[in-house]
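Each remark here refers to the structure printed beneath this line.
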Amino acid sequence: MKFGRRYRLTIEGADGASDVVIELPFTMKFNIQRSSFATINSASIQIFNLSLETRDLIFKDRFDFNFYRRVTLEAGYSELEVIFTGSLYVANSVRQGVDVITNIIARDGMYDVLNTNTFKTYAAGTTIRDVVTDLIGGFPNLQQGEIGVIDGDFKRGVSINGSTYDALNTYTNNQVFIDNELVYALNGNEVIEGDLLVLNADTGLLETPKRDDAFIVVTSLFEPRVTIGQMIEIQSVIAPIYDGQYKVIGIQHEGTISEAVGGQCTSSFNLLVEGQLYGKFVTVGTITATSRSEP
């Protein structure tokens, strides 16, 4: 099966200081929640027994909203994949027995969503797609991901005064989401092209797929290559009725990566069944490459 897990956590330094990079042999526990819904993606990370100097460098109070500090978590096996990128929300430390545990909470896109406003007027004839692209370009830290089909233009001039993210939701019919600091606008049947991963018993599928209306839920050994919006294929020995290709709309990674203690890492995926809600899947773009490094 899959062995040799490792990770790299990079936290942007405060006030121009160098980034803080944390890797093995420090033990890490983590829970990553990502989805294509309106909620902000989140990361909860625990690092064990950092030095006092390092703990001071990454400390952040939850009520300090004035500074943006990027948090990037890469994890994997022979190669590292970015499984979360966002802004630091909280970082503090507590003692539990003989261990000092540093608790880190990060939110994907939260800083830009809360702090970016648009005050612009767009002339009659401007396409809605151009407005969406322009709005995304106004974020200080977020970048544009894939944009699906957006039809139509403004028959009269339109003024936008207020939250940029709210405006994006208005003009994409609430189809906008943020994943790894990329802003996507995909219709329900639109998927992103990438390496089609097959989940089966040989590649780490742990449980029988579970069907809930138009959705499938599967759990596997830690699989960092999957990203929101792509297609994956399921092959189940116990329930082959669920074999097929699905759109990934939710990801949860959780577990422990450590050289000192044992612990399982798993990935759970929420999958959309083709044709159930939005019709046949249509490919509209490609997955933005994640950073990788050799061991």
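Looking only at the stretch 95-117, decide whether some residue is part of a loop (DSSP other than H, G, I, E, B), closer than 30 Å to Gly152 by Cα, of a type in the set (S, T, N, Q) and in contact with a helix residue (DSSP H, G or I) (Cβ under 8 Å, 6 or more places away or on another chain). Yes - at least one qualifying residue is present in the stretch 95-117. When restricted to residues that are among the hydrophobic types (A, V, I, L, M, F, W, C), assigned to a loop (DSSP other than H, G, I, E, B) and crowded, with 20+ Cβ neighbours inside 10 Å, the stretch 223-273 contains 2.
Quick check: is even one residue across the stretch 44-58 within 30 Å of Gln175 (Cα to Cα) and either out of contact with any Asp or Glu (no Cβ under 8 Å at 6 or more places or on another chain) or assigned by TED's automatic domain parsing to the domain that holds Asp15 (or both)? Scanning the stretch 44-58, I find at least one residue that is within 30 Å of Gln175 (Cα to Cα) and either out of contact with any Asp or Glu (no Cβ under 8 Å at 6 or more places or on another chain) or assigned by TED's automatic domain parsing to the domain that holds Asp15 (or both), so the answer is yes. Counting the residues of the stretch 116-161 that are free of Cβ contacts under 8 Å to residues at least 24 places away in the same chain and either assigned by TED's automatic domain parsing to the domain that holds Arg69 or among the hydrophobic types (A, V, I, L, M, F, W, C) (or both) gives 0.
Remark: Val198 matches the filter, which requires a residue to be of a type in the set (A, V, I, L, M, F, W, C), in contact with an Asp or Glu (Cβ under 6 Å, 6 or more places away or on another chain) and either modelled with pLDDT of 95 or more or not in a loop (DSSP other than H, G, I, E, B) (or both).
The condition (being outside the structural domain of Glu223 (by TED's automatic domain parsing), within 16 Å of Asn141 (Cβ to Cβ) and crowded, with 18+ Cβ neighbours inside 10 Å) is satisfied by just one residue among Gly86, Gly76, Gly13: Gly86.
Being assigned by TED's automatic domain parsing to the domain that holds Ser42, aliphatic (A, V, I, L, M) and either crowded, with 17+ Cβ neighbours inside 10 Å or out of contact with any Asp or Glu (no Cβ under 7 Å at 6 or more places or on another chain) (or both) is a property that holds for Val94. Selection of the stretch 19-43 for residues being surrounded by fewer than 17 Cβ atoms within 10 Å (Cβ to Cβ) and at pLDDT 95 or above yields Asp19, Val21, Glu23, Leu24, Pro25, Asn31. Filter the stretch 145-167 down to the residues that are among the aliphatic types (A, V, I, L, M) and out of contact with any Ser or Thr (no Cβ under 9 Å at 6 or more places or on another chain) and list them by number. Across the stretch 145-167, the qualifying residue is only Val149.
Considering only residues of the stretch 11-41 that are touching a Lys or Arg at 6+ places or on another chain (Cβ under 8 Å) and part of a strand (DSSP E or B), which is farthest from Tyr68 (Cα to Cα)?
Looking at residues that are touching a Lys or Arg at 6+ places or on another chain (Cβ under 8 Å) and part of a strand (DSSP E or B), I get Glu23.
Okay, residues lined up against (1) farther than 25 Å from Thr286 by Cα; (2) small (Gly, Ala, Ser); (3) touching a helix residue (DSSP H, G or I) at 6+ places or on another chain (Cβ under 6 Å); (4) buried (at least 16 other Cβ atoms within 10 Å of the Cβ):
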position: Gly145; (1), (2), (3), (4): no, yes, no, yes
position: Asp153; (1), (2), (3), (4): yes, no, no, no
position: Gly157; (1), (2), (3), (4): yes, yes, no, no
position: Asn200; (1), (2), (3), (4): no, no, no, no
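Within the option set Asp202, Asp130, being acidic (Asp, Glu), over 21 Å from Ser36 (Cα atoms) and out of contact with any strand residue (DSSP E or B) (no Cβ under 9 Å at 6 or more places or on another chain) holds for one residue only, Asp202. Using the structure shown, decide if Val20 is in contact with a strand residue (DSSP E or B) (Cβ under 6 Å, 6 or more places away or on another chain) and under 18 Å from Asp179 (Cβ atoms). So Val20 fails the test.
The values are calculated or read from the model by the stated rules, or taken from the named source; none is laboratory data. Note that the coordinates shown come from a computational prediction; the quantities given were computed from them, not determined experimentally. FYI the Cβ positions are ideal-geometry reconstructions off the backbone, even for glycines, and counts take in every protein chain you see.
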